[in-house]
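The values are calculated or read from the model by the stated rules, or taken from the named source; none is laboratory data. These numbers were taken from a predicted model, which means no experiment stands behind them. Neighbour counts are summed over all protein chains in view; Cβ atoms, including those assigned to glycine, are modelled from backbone coordinates with ideal geometry. Just the protein is used for accessible areas: all its heavy atoms, side chains included, with ligands, DNA and RNA removed. Shrake-Rupley method; radii C 1.70, N 1.55, O 1.52, S 1.80 Å.
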Amino acid sequence: MKKYVLILGLLSYGIANAQTKIPADVEKLLQKNTCLACHNADKKVVGPAYKEVAKRNYTKDQIVELIYKPKPSNWPGYPPMAALPNVPRSEALKIATWITSLNKKK
Ligand code: HEC
């Protein structure tokens with residue numbers, strides 16, 4: 001019986017661990033700029049998971065531009081994302097840099 005408890009514990013640890021850990025400074029920016037209302041790092045919410053966005057191999061600058069000027073035609077089946085011109089460029093760049101990093105870690 002004890003063994004099962006241990007295995008279950010390990011399993012749930014593994015599942016919890018499969019989630020992408022968002023660095024605290026990036027998470028703060030995502031929250032402040034309301035991105036997390038529609039995006040999750042790993043899962044589709046209203047918008048695509050950031051991991052899926054990362055697979056498109058955009059450059060940081062391309063991602064910054066897509067925040068200011070989304071191209072809904074890039075994501076058929078999703079509602080269009082509203083342009084977010086009020087996100088400061090330095091913050092957009094930091095978020096974009098993090099998104100590109102998701103592709104390498106897998
Ligand atoms: C109201 C919901 C909503 C909010 C808020 C939102 N997004 Fe989106 N986002 C979407 C949807 C829906 C899509 C897919 C359709 C599209 O691109 O228009 C998307 C697509 C994207 C893409 C992929 C663009 C492409 O063309 O490949 C990026 C990058 C992105 N969002 C980043 C952000 C960031 C960063 C923020 C916060 C500054 C943010 N989003 C806030 C809904 C949202």
- Going through the stretch 70-88 in order, the residues found to be loosely packed, with under 11 Cβ neighbours inside 10 Å and more than 7 Å from the ligand (Cβ to nearest atom) are Ser73, Pro76, Gly77, Pro85, Asn86
- Query: Asp25 is checked against (1) open to solvent by 30 Å² or more (accessible area, probe 1.4 Å); (2) within 12 Å of the ligand (Cβ to nearest atom) and fails just one. What number does that condition carry?
  - Reply: (2)
- Task: Please specify each residue of the stretch 46-69 satisfying the condition of being outside any loop (DSSP other than H, G, I, E, B), closer than 17 Å to Leu29 by Cα, open to solvent by less than 60 Å² (accessible area, probe 1.4 Å) and more than 6 Å from the ligand (Cβ to nearest atom).
- Result: Tyr50, Val64, Tyr68
- Message: I need the full set of residues from the stretch 30-45 which are more than 7 Å from the ligand (Cβ to nearest atom), open to solvent by 20 Å² or more (accessible area, probe 1.4 Å) and not in a helix (DSSP H, G or I), in order please.
- Response: Asn40, Asp42, Lys43, Lys44, Val45
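Name every residue in the stretch 70-98 that is hydroxyl-bearing (Ser, Thr, Tyr) and in a helix (DSSP H, G or I), in order of residue number. It would help to see each step written out before you state the result.
Here is the first cut: in the stretch 70-98, the ones hydroxyl-bearing (Ser, Thr, Tyr) are 73, 78, 90, 97.
Ser73, Ser90, Thr97 - these are the residues of the stretch 70-98 that are hydroxyl-bearing (Ser, Thr, Tyr) and in a helix (DSSP H, G or I).
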